[in-house]
1. Please work out the average accessible area per residue across region 146-236, using the 1.4 Å probe convention, and give it in Å².
2. Kindly sort 303, 349 by accessible area of their heavy atoms, largest first, with the probe set to 1.4 Å.
3. Kindly sort 321, 101 by accessible area of their heavy atoms, largest first, with the probe set to 1.4 Å.
4. From the protein chains alone at 1.4 Å, what is the descending order of accessible area for 48, 68, 249, largest first?
5. Using DSSP loop states and a limit of at most 15 other Cβ atoms within 10 Å to flag GluC sites (Glu not before Pro), what is the longest stretch of the chain containing no flagged site?
6. In the chain, with Lys and Arg counted as +1 and Asp and Glu as -1 at Cβ, which of these residues, 128, 181, 17, has the Cα nearest the positive end of the dipole, that is, farthest along it?
7. Taking the full set of protein chains and a 1.4 angstrom probe, give the accessible area of residue 108 in square angstrom, rounded to the nearest 10.
8. Would you check the accessible area of residue 102, probe 1.4 Å, heavy atoms only, in square angstrom rounded to 10?
Amino acid sequence: MSRATLATIHLGALRSNLARVRELAGNARVMAVVKADGYGHGLERVARALAAADAFGVAAIGDGLRLRAAGISNRIVVLSGPDEPADLAELRRLELDAVIHHQSQVDWLAADRSGPPLRVWLKIDTGMHRLGFAPERVAEVHARLRALAGVDPDIVLMTHFAASDEFDGTLTARQVACFDAATADLPGAHALANSAGLLGWPAARGQWVRVGGLLYGLSVVAGQTGTDLGFAPAMTLSTKLISINRIQRGERIGYAAAWQCPDDMPVGVAAIGYGDGYPRSAPSGTPVLVGSTRAAIIGRVSMDLIAIDLRAVADARVGDHVVLWGRELPVEEIAAHAGTISYDLTCGMTRRVLFAEDDI
Ligand SMILES: *Cc1c(COP(=O)(O)O)cnc(C)c1O
């Protein structure tokens, strides 16, 4: 018998979230960002469900290879481009677009004589200071790329926001202004917004939006869940109760004896732990659903197991369904307890978690 730990992916939610992104994006084209195995939802599964996207964004050429092997024919953009000269031939072979963010990549392209023109996205560092060319170099790099026979001259101009989830912050407005100034005299489509940029910064819409989180129903906006923002969670993580015991007042639960029973009380044990990707940092008090009743975990999260305070779930039985996050229990709430963001949790599913799909 396999373990009960199950991530159910809601394909209907993925599709309706894409439709909602399109409404918000107006005429802009939509790149569905599917890096990190589709934010943990399964790369090929997500790409099939989101086949209506104008492009997919991946972090690595290997993900592009997987998508092509799965028969995905959409445009695919490798968000950090080639890591070494040999990658150029692979990008061409797989017909992947490359983000070009560093001089070393321009040099590799200039030295490369292989194959048909590569489609490139020129990345500008407007203030995040991670990847990209300094604004004052953009015109020169753009001209150099357009002069290369191995580069398609229709270059997309892009940048990435550091803090677009702060809707009243000033950094994003400064990044937009910096981008506009650096690209004012250049031809090419503009691609600035991620999920939070799409929600909070209409001036940043451009001709392409690159959206990840919202497609999975995930929010990075503090205090707001994906559902609050009108999106549907695409993952439900669930397991079962495998034990219920009455533990006496004053006894302690689990590793490090970290939680002490204030009463004689029923304590449930569910088959999930950090070995599945449930965060070890989730403290006592982090909510779960037992059946449809809210309860809370108690004590340390173990590798394979969590303990649950069942005082509020008098009718709980071994075998009952336990939901760790999903439509009835926002993953953002769990992330807040665990001191992280929702993306980190869905990306963290390990190989022993079974996946299922439904059309909800
Ligand atoms: C991950 C990523 C995105 C998508 O960000 P979300 O917050 O998930 O929408 C967009 N652009 C780039 C360059 C990224 O790395």
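The values are calculated or read from the model by the stated rules, or taken from the named source; none is laboratory data. Since the structure is predicted, the reported quantities are computational estimates derived from the model, not experimental observations. FYI the Cβ positions are ideal-geometry reconstructions off the backbone, even for glycines, and counts take in every protein chain you see. When the accessible area is computed, the model is the full protein with side chains, heavy atoms only, and any ligands, DNA or RNA have been set aside. Shrake-Rupley method; radii C 1.70, N 1.55, O 1.52, S 1.80 Å.
1. On the way: 3410 Å² over 91 residues.
With the other protein chains kept in place, region 146-236 gives 37 Å² per residue.
2. On the way: 303 100, 349 30 Å².
Output order, biggest surface exposure first: 303, 349.
3. Values: 321 95, 101 30 Å².
Order by accessible area, largest first: 321, 101.
4. Details: 48 145, 68 55, 249 170 Å².
From most accessible down to least: 249, 48, 68.
5. Working: sites that count: 95, 166, 251, 328.
Longest site-free region, per DSSP loop and neighbour criteria: 1-94.
6. The listed residue farthest towards the positive side: 17.
7. Rounded to the nearest 10, that gives 60 Å².
8. That residue has around 100 Å² of solvent-accessible surface.
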